[in-house]
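Peer 1: Here it is, the structure, as structure tokens.
FYI, it's all coordinate maths here, none of it is from the lab. None of the values given here were measured: they were computed from a predicted structure. Ideal geometry is used to build each Cβ from the backbone, glycine not excepted, and the neighbour counts take in all protein chains shown.
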Amino acid sequence: MDIQTTPRRRTQQPGRRTFQRGGRRPARQGTEGHSAHNHNDHEDVRRGERERKRMPIPKLEPGDIRIIPLGGVEEVGKNMTAIEYGGEIVVVDIGVQFPDEQTPGVDYIIPDTSYLEERASAVKAVLVTHGHLDHIGGIPFVMGKIGNPPIYTTLLTAVMIKKRQEEFPHLAKLNIEVIARGETLRVGKHFSFRFFETTHTIPDTVGIIMDTPYGNIVMTGDIKIDHKNGVPEPHEVETFSAIGKEKNLLLIADSTNVEKPGFSYSERDVHINLHKIISEATGRLIVGTFASLLERIIFIIKDAEEMGKKIVIEGRSMKTNVEIARELGLLSVHRGTIIPAEEMQNYPDNKIVVLATGAQGDEYAALMRISNRAHKTVKLKKGDVTLLSSSVIPGNEKAVQKLKDNLARQGAKIIHNNIADVHSSGHSYGGELQWVHEMVKARFFMPVHGYHHMLRVHADMAERLGTPEKNIIVPDNGSVIEIVEEGKRIIKRKENASAGIVMVDSLGTGDVKDVVIRDRQMLSEEGIFMIVAIINLKTGKVRKSPDIISRGFVYLKESQDLLHRVRFLIKKTIETATSKQHPINFDYVRNEVRETVGKLLFQETHKRPIILPVLIEV
Ligand SMILES: [Zn+2]
């Protein structure tokens with residue numbers, strides 16, 4: 001995934017808490033209707049626990065290799081895979097997923113690492129393929145739970161991990177080691193790895209080759225193939241023919257864009273189009289894009305500088321990433337090329353390029369503030385051109401629409417991906433993936449990075465290309481996959497590693513349960529209904545008419561009849577309940593009120609607000 005700006009997130013605070021929801025997400029998330037066996041029901045944590053207890057995962061047989069995708073195979077996001085061999089475990093990537101309307105108030109969703117926590121002393125290393133949050137974002141929340149093993153990665157990724165860790169000063173220091181491409185890395189007693197260079201949207205992205213006695217396990221990570229008109233570029237051919245010459249046991253590959261046919265639009269062609277737009281801009285050019293598309297950002301800055309333009313950078317994640325790129329020498333610009341927004345007015349309009357986060361219409365991002373006239377220095381005017389160099393992530397359509405409307409209202413001309421090719425994805429299309437399969441020629445195949453249906457499409461492709469069905473495994477989060485009989489067979493065990501949903505929010509540490517999320521959902525969808533009743537302790541009678549306060553439920557002023565009936569019902573319920581009680585059990589009375597009022601409100605309005613009865617004793 002390319003998203004690195006964090007959409008719809010509140011201000012960051014240290015001391016987040018993580019909390020866990022057993023089982024899996026509701027079927028709406030795209031896992032509907034497949035292999036329900038072995039799975040925990042999302043509605044019943046306890047049943048899931050029992051099932052797990054009944055089916056403990058056996059110890060791995062000597063000589064066998066175990067692979068567990070702990071995240072990223074039932075979603076686009078929170079990528080994480082564990083590989084176990086000879087009593088040792090190595091983890092590849094620890095990503096996050098961004099919350100949606102199902103998890104209000106949650107900052108991140110991270111993989112369930114229970115399997116690793118129970119075997120923390122066996123975890124020897126974490127290998128990281130690239131610096132996007134869906135591959136590194138879980139590191140601060142997970143490392144402590146798995147014994148803080150060393151992290152091995154490339155230089156840019158290492159710096160991005162360190163920068164992110166600075167936001168959590170209370171956490172233990174990470175031990176990160178930078179590995180050069182091609183260098184063989186030995187981990188523990190048994191593991192040996194190499195990185196190979198891949199194309200994505202951020203520099204220093206790698207795939208991973210793990211040597212095993214039966215051949216290589218080749219993991220692509222997030223990948224696209226650099227090509228010209230569908231012909232892979234020589235450097236790709238070189239990398240993949242070298243891999244193809246070896247004995248490859250298992251290919252684990254990115255499935256994000258497998259459904260799209262042919263080859264993806266190349267980033268080079270995007271650059272050509274951007275160059276044209278930058279050079280032809282007669283007014284100021286405001287470019288909205290993802291901070292994670294660092295290669296493109298570097299290109300825009302260099303290109304604009306060559307044309308004698310000045311660049312203003314707006315948005316925290318964009319600033320951080322550009323700063324990192326400069327520190328590492330991935331971007332070298334003259335002093336004075338990147339200027340603060342306040343100095344913009346010192347230059348002619350056609351000499352200004354503004355790079356801003358927020359092309360998804362994220363509420364607090366720079367571009368949204370610019371479009372709302374809420375930005376303190378960048379004010380749009382006629383003659384400005386805004387360029388949205390991104391795709392619209394599903395779910396963000398309305399926000400982007402609003403963004404475009406607001407930009408247009410201020411007289412800015414808008415160029416977006418439907419008008420010109422100003423964006424390309426960082427993930428291979430079907431044609432590119434097919435080429436990867438043909439080059440690698442592995443015996444076994446496991447698709448990753450995507451929703452279940454994407455993995456299925458990828459599995460079908462592998463079969464069409466000649467991999468027998470029995471050699472292909474379509475995993476779920478927590479599937480326990482083993483290569484057995486000295487590399488001759490691949491199996492999916494009936495036992496599953498725990499794959500619940502672990503959420504992180506910013507309210508501090510504590511044990512918060514599913515019920516909190518459910519309440520947040522109910523509050524947002526159904527509203528709240530509060531009842532204040534005064535009860536005479538001696539007689540159990542209700543004094544005066546109960547007070548009712550509601551928010552987000554129905555407009556009370558227009559529901560006098562309903563209110564009247566609710567008041568009557570409250571009085572009757574309380575007095576019936578208290579008539580047999582001395583002393584009065586207030587918990588019981590509250591529950592009765594909640595239940596009877598809840599029933600009536602649902603009957604009348606088809607809504608289920610949160611009902612809060614407050615009973616005052618006099
Ligand atoms: Zn990525």
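Peer 1: In whole Hz, what ³J(HN,Hα) sequence does region 337-348 give by Karplus (6.51, -1.76, 1.60; θ = phi - 60°), x for Gly and Pro?
Peer 2: Once θ is set to phi - 60°, the couplings for region 337-348 become 6, 8, 10, x, 4, 4, 8, 3, 5, 6, 10, x Hz.
Peer 1: Hey, another quick one. Relative contact order for the chain: what percent, with Cα pairs under 8 Å and sequence separation of 6 or more?
Peer 2: The normalised contact order for the chain reaches 19 percent.
Peer 1: Tell me which residues come under 5 Å, amide H to amide H, from Thr129 once H is placed; ignore anything under 5 positions away on its chain.
Peer 2: Here the answer is Asp93, since their amide H atoms fall under 5 Å of that of Thr129.
Peer 1: Using label points projected 7 Å from each Cα along Cα→Cβ, tell me how many nm separate Lys351 and Glu167, to one decimal.
Peer 2: 3.6
Peer 1: Using label points projected 7 Å from each Cα along Cα→Cβ, tell me how many nm separate Tyr451 and Leu563, to one decimal.
Peer 2: Label at Tyr451, label at Leu563, 4.4 nm between them.
Peer 1: Please list 233-244, 138-149, 83-94, 264-275 highest first by mean number of surrounding beta-carbon atoms within 10 Å per residue.
Peer 2: 83-94, 138-149, 264-275, 233-244
Peer 1: Another question, then. Where does the charge balance sit around Thr154 when Lys and Arg score +1, Asp and Glu -1, over other residues with C-beta under 15 Å from its C-beta?
Peer 2: Net charge in that neighbourhood comes out at -4.
Peer 1: Next up: Short version: ³J(HN,Hα) in whole Hz for each residue of region 446-452, in order, from phi by Karplus 6.51 cos²θ - 1.76 cosθ + 1.60 (θ = phi - 60°), x for Gly and Pro, what are they?
Peer 2: 9, x, 9, 6, x, 6, 3
Peer 1: Can you work out the FRET efficiency for the pair Lys580 and Lys145, with r the C-beta to C-beta distance and R0 = 45 Å, to the nearest 0.05?
Peer 2: 0.30
Peer 1: Of Lys173/Lys247; Lys145/Lys224; Lys162/Lys309; Lys302/Lys404; Lys224/Lys376; Lys173/Lys302, which pairs sit farther than 29 Å apart, going by alpha carbon to alpha carbon?
Peer 2: Violating the 29 Å Cα-Cα cut-off are Lys173/Lys247; Lys145/Lys224; Lys162/Lys309; Lys224/Lys376; Lys173/Lys302.
Peer 1: Nothing charged except the Cβ atoms of Lys and Arg (+1) and of Asp and Glu (-1): what's the magnitude of the dipole of region 267-415 about its Cα centre? Round to the nearest 20 debye.
Peer 2: It works out to roughly 500 debye.
Peer 1: Residue by residue through region 67-73, which ³J(HN,Hα) values in whole Hz follow from phi under the Karplus form 6.51 cos²θ - 1.76 cosθ + 1.60 (θ = phi - 60°), with glycine and proline marked x?
Peer 2: Per-residue couplings from phi come out as 10, 10, x, 8, x, x, 10 Hz.
Peer 1: Okay, moving on. So if R0 is 56 Å, what FRET efficiency would Glu397 and Arg543 give, r being the distance between their Cβ atoms, rounded to the nearest 0.05?
Peer 2: 0.60
Peer 1: Any idea what diffusion coefficient the chain gets from Stokes-Einstein, in µm²/s, Kirkwood Rh on alpha carbon pairs, 4 °C, 1.567 mPa s?
Peer 2: So the translational diffusion coefficient is about 48 µm²/s.
Peer 1: So for the chain, taking the charge dipole from beta-carbon charges (+1 Lys/Arg, -1 Asp/Glu), which of Pro613, Thr153, Gly411 sits furthest toward the positive end?
Peer 2: Sorting the options by dipole projection puts first Pro613.
Peer 1: Follow-up. Helix 267-280 sits at what angle to the longest principal axis of the chain, using alpha carbons and giving 0 to 90 degrees rounded to 10?
Peer 2: 80
Peer 1: OK, next. Taking the dipole about the Cα centre of region 267-415, with the C-beta of Lys and Arg at +1 and of Asp and Glu at -1, give me whichever of Gln345, Ile298, Ser279 is farthest to the positive side.
Peer 2: Positive-most Cα among the choices belongs to Gln345.
Peer 1: Could you check the spin-label model distance between Ile491 and Asp519? Points 7 Å from the Cα along Cα→Cβ, value in nm.
Peer 2: 4.7
Peer 1: Once you list every other residue whose beta carbon is under 10 Å from the beta carbon of Ile208, what net charge do they have if Lys and Arg are +1 and Asp and Glu are -1?
Peer 2: That works out to 0.
Peer 1: Can you list the residues, at least 5 places off or on another chain, whose amide H is less than 5 Å from the amide H of Tyr108, using H built in the peptide plane?
Peer 2: Placed amide hydrogens put Val504 under 5 Å from Tyr108.
Peer 1: For a protection proxy built on the mean count of beta-carbon atoms within 10 angstrom, sort 299-311, 457-469 highest first, please.
Peer 2: 299-311, 457-469
Peer 1: Okay, next question. For a quick check: with amide H placed at 1.01 Å from N, whose amide H comes under 5 Å from Leu70's, ignoring anything fewer than 5 positions away on the same chain?
Peer 2: Under 5 Å from the amide H of Leu70 lie the amide H atoms of Met80, Thr81, Ala82, Gly478, each far enough along the sequence or on another chain.
Peer 1: Right, something else. Report the extension gain between Glu469 and Glu177 in nm, rounded to one decimal, defined as 0.36 nm multiplied by the number of residues separating them, less their alpha carbon distance.
Peer 2: 101.2 nm
Peer 1: Follow-up. With angles folded into 0 to 90 degrees, how steeply does helix 586-605 sit against the dominant principal axis of the chain? Use alpha carbons for both and round to 10.
Peer 2: 70
Peer 1: Here is a further query. Ordered by packing density, taken as the mean number of other Cβ atoms within 10 Å over each peptide's residues, highest first, how do 367-374, 337-344 rank?
Peer 2: Most protected by this proxy first, the peptides run 367-374, 337-344.
Peer 1: So what's the back-of-envelope 222 nm ellipticity for the chain, counting only DSSP H runs of four-plus at -39500 (n - 2.57) apiece and dividing by all residues, rounded to 500?
Peer 2: For the chain, the value works out to -9000 deg cm²/dmol.
Peer 1: Could I ask something else about it? Using the Cα centre as the reference, give the magnitude of the dipole from point charges on the C-beta atoms of the chain (Lys, Arg: +1; Asp, Glu: -1; all else neutral), rounded to the nearest 20 debye.
Peer 2: 2240
Peer 1: Another question, then. Can you classify region 526-617 as rounded, prolate or oblate using the Cα gyration tensor, where a ≥ b ≥ c are the square roots of its eigenvalues, rounded means a/c under 1.5, and otherwise it's prolate if a/b beats b/c and oblate if not?
Peer 2: It is prolate, given that a/c is not under 1.5 and a/b is the larger ratio.
Peer 1: Per residue, what volume in Å³ does the convex hull of the Cα atoms of region 524-579 enclose?
Peer 2: 79
Peer 1: Could you give the angle, 0 to 90 degrees to the nearest 10, between helix 45-54's Cα long axis and the longest principal axis of the Cα atoms of the chain?
Peer 2: 60
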